[in-house]
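> The following block contains the structure, expressed as structure tokens.
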């Protein structure tokens, strides 16, 4: 559906994105994740024909964004970071206008407007001026605008930014309900959003893709190890060396606790080697006090930080 | 065509859903009405005096041409007012799209720049035409109480319309250069004034350059229409002036795509 190859964009001498390549299958929701200024918006703007790339190609449904720009534009719905709203119009008139310039025939435009207003639940506000709407409603009008011509591809740039928690949930539900009929690319710098709405994630940082996988795989792949946290009452140095000597343990590190004589250890083990039983047995045998033990999972949030702050480690792993 | 019409309708709606159109219209009719009143009073004084003179010398009153003495200066005056009114109409056309980010909608929709441009241009021309159409009332008054010549009035209105088209093309071009309406409007006023008076330089600018400056001066061509002379070369000058600036606008829009940010 969407094929991007070696996309590069320079602003002056500064590269906003470098050699970005990925594909999106039909009906998929792809999360485009990265910190601010990572190149998400640039990529999306190239995909939507807003500006040309310096080099590389991007195709939507087989149409090149540069060569067949008009064909591409008919097939995409785009919600930029700031919804492009004419605030002095009513919701209804605005959507009619967008419908017309997106190529809907005069006779059908009212019907379509009423359908998307239904879908995005903005019908009660149809006759109000957009400038009088709340941020959440404006965002929905923005999504309605992107949906109006029933495009095959939806490109949403930070669709939940600036909304309150209730609105965020509503917008996410809305996006999820659109999957299947539409292929969706959605950018965000908020992690939970990706794990909640997307099937696949691409993480981009400083203009390059640093990881691309399904949400679960990405977490697993990045972990490469599992963590166990134990609190032991006993001679710290001795405990640590014993644990380190165990089979399957790759690293340990000490963590101070508030209680005297009690030391916390973060034990990193090989993947799928659940050492909790052995660890417990060891500590009991030595006559130390086992006060706490729990597995520590790595959340996507950690993955994200890991990826975008320590790129070298990722490419090495 | 359908796209152009959609943009045209949206722009017109936007003029009338903001105070802008009303403010411009109210201001324009106030000052146009004042000009009409002042010029007509002047004309009546003159006519009365020449009639008294004729009575004194026991001669038939001389024919006084209301078109030349009253209407020609009236049209010149409202043309000057347009130098200030048109920038108010055109300054937001693109600057506002850039500022609010709606340009992103236009550039990612299956609509060509030329279609947007023409829609915007003709919406401004329509508002402008509504302004000058409002002054028909004065002509009706003249016909009720006198015998003005219709031909000259019509040629003056044709001149006003062509002049407005040229003014608007300059304004719309400058509106693509900035995302600040005030800057766009101010630059338009300056440029229009310059085009208005540039013919003054033809006396000291040397024979070749002087002739050229006289030719592109919008003022000298407008006077032909106000005198009742419709010359093809004046029409072509105004039309090619508009087309030239619309072309510059188009180029400016196309190049925007390549230098975003």
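> If you rank B:258, B:196, A:288 by fewest surrounding Cβ atoms within 10 Å, what's the result?
Numbers: B:258 8, B:196 20, A:288 17.
Taking fewest neighbouring Cβ atoms as first place, the list is B:258, A:288, B:196.
> Percent relative contact order of chain A, based on C-alpha pairs within less than 8 angstrom and at least six residues apart? The partial results should precede the final answer.
On the way: 581 pairs, mean separation 60.1, N = 317.
The value is 19 percent.
> Which of the peptides B:126-133, A:95-102 is most tightly packed, and how do the rest follow, judged by the mean count of other Cβ atoms within 10 Å per residue? The partial results should precede the final answer.
Values: B:126-133: 18.2, A:95-102: 24.2.
Ranking, from highest mean packing down: A:95-102, B:126-133.
> Right, another one. Please determine, in degrees from 0 to 90 and to the nearest 10, the orientation of helix A:106-119 with respect to the longest principal axis defined by the Cα atoms of chain A, where the helix direction is its Cα long axis.
Helix A:106-119 and the main axis of chain A meet at about 30 degrees.
> More than 13 angstrom separation, counting every C-alpha pair in the range B:165-205; what % is that? Before the final figure, lay out each step's value.
Values: 437 of 820 pairs.
For the range B:165-205, the share of Cα pairs beyond 13 Å comes to 53 percent.
> Largest first and to the nearest Å, give the Cα extent of the range A:16-152 along each principal axis.
Rounded to whole Å, the extents work out to 46, 34, 26 Å.
> What percent does the relative contact order of the range A:119-248 come to when contacts are Cα pairs within less than 8 Å and at least six residues apart? If you can, show how the numbers build up before the last one.
On the way: 87 pairs, mean separation 20.4, N = 130.
Contact order relative to length: 16 percent.
> Set the Förster radius R0 to 45 Å, insert the Cβ-Cβ distance between residue B:126 and residue A:296 as r into 1/(1 + (r/R0)^6), and round the FRET efficiency to 0.05.
Working: r = 69 Å, r/R0 = 1.53.
In this case the efficiency is close to 0.05.
> Restricting the calculation to Cα positions, tell me the Rg (one decimal) and the Dmax (whole number) of chain A in Å.
That works out to 25.1, 84 Å for Rg and Dmax.
> So, one more: Just to verify a number: FRET efficiency for residue B:65 and residue B:26, C-beta to C-beta distance, R0 = 30 Å, to 0.05?
Details: r = 32 Å, r/R0 = 1.07.
Once the sixth-power term is evaluated, E becomes 0.40.
> If you average 1/r over all unlike Cα pairs in the protein assembly as shown and invert the result, what Kirkwood radius do you get in angstrom?
29.1
> Still on this structure: Helix A:276-285 against the longest principal axis of chain A: what's the angle in degrees, Cα atoms only, rounded to the nearest 10?
20
> Okay, moving on. Kindly state, to the nearest 0.05, the FRET efficiency for residue A:19 paired with residue B:16, given R0 = 45 Å and r defined as their beta-carbon distance.
Values: r = 50 Å, r/R0 = 1.12.
It comes out at approximately 0.35.
> Return the tail of the calculated pair distribution for the range A:72-133, meaning the percent of Cα-Cα pairs more than 14 Å apart.
Working: 1127 of 1891 pairs.
Value for the range A:72-133 (Cα pairs over 14 Å): 60 percent.
> Using only the Cα atoms of the range A:1-90, what semi-axes does the equivalent ellipsoid have when each is the square root of 5 times a gyration tensor eigenvalue? Give whole Å, largest first.
Numbers: eigenvalues 85, 63, 40 Å².
Equivalent-ellipsoid dimensions as semi-axes: 21, 18, 14 Å.
> Here is a follow-up. Which whole number gives the average, over all residues in B:10-18, of C-beta atoms from other chains lying within 10 Å of the residue C-beta? Display every interim value, and only then the final one.
Details: counts 9, 1, 0, 6, 3, 1, 0, 6, 1.
Taking the mean over all residues of the peptide, I get 3.
> Counting other beta carbons within 10 Å of each Cβ, put A:210, A:262 in order, fewest first. Kindly include the intermediate steps, with their values, before the conclusion.
Details: A:210 19, A:262 16.
Exposure proxy ranking, most exposed first: A:262, A:210.
> Provide, as a two-decimal number, the C-alpha radius of gyration of the range B:2-259 over 2.2 N^0.38 Å, N being how many residues it has.
Numbers: Rg = 21.0 Å, N = 258, 2.2 N^0.38 = 18.1 Å.
Normalised Cα radius of gyration, the range B:2-259: 1.16.
> Next question. Averaged across the residues of A:41-51, what count of C-beta atoms belonging to other chains lies within 10 Å of each residue's C-beta?
Numbers: counts 1, 2, 0, 1, 5, 0, 1, 4, 5, 8, 8.
Averaged over the peptide's residues, the number is 3.
> With labels modelled as points extended 7 Å from the Cα through the Cβ direction, what inter-label distance (nm, one decimal) is found for residue A:36 paired with residue A:10?
Result: 2.7 nm between the two label points.
> Would you mind giving the mean number of other chain beta-carbons within 10 Å of the Cβ of each residue in B:95-107, as a whole number? Walk me through the numbers on the way to the answer.
Working: counts 0, 2, 2, 0, 0, 6, 6, 7, 3, 11, 16, 3, 9.
The shielding value for this peptide is 5.
> Would you mind checking the tilt of helix B:232-256 against the longest principal axis of the Cα atoms of chain B, expressed as 0 to 90 degrees and rounded to 10?
20
> Over the range B:2-259, what relative contact order in percent results from Cα pairs under 8 Å that are six or more residues apart?
25
> Treat the count of other C-beta atoms within 10 Å as a stand-in for reagent exposure and order B:99, A:112, A:140, A:294 from fewest to most.
On the way: B:99 14, A:112 20, A:140 27, A:294 11.
Taking fewest neighbouring Cβ atoms as first place, the list is A:294, B:99, A:112, A:140.
> Okay, moving on. At 7 Å along the Cα-to-beta-carbon direction for both residue B:193 and residue A:217, put a label point, then send me their distance in nm to one decimal.
The answer from the label model is 6.7 nm.
Only the coordinates and a few stated rules stand behind these numbers; no lab work does. Treat the numbers as computed from the prediction; the structure is a model and nothing was measured. Cβ: placed from backbone, ideal geometry, glycine included. Neighbour counts: every protein chain shown.
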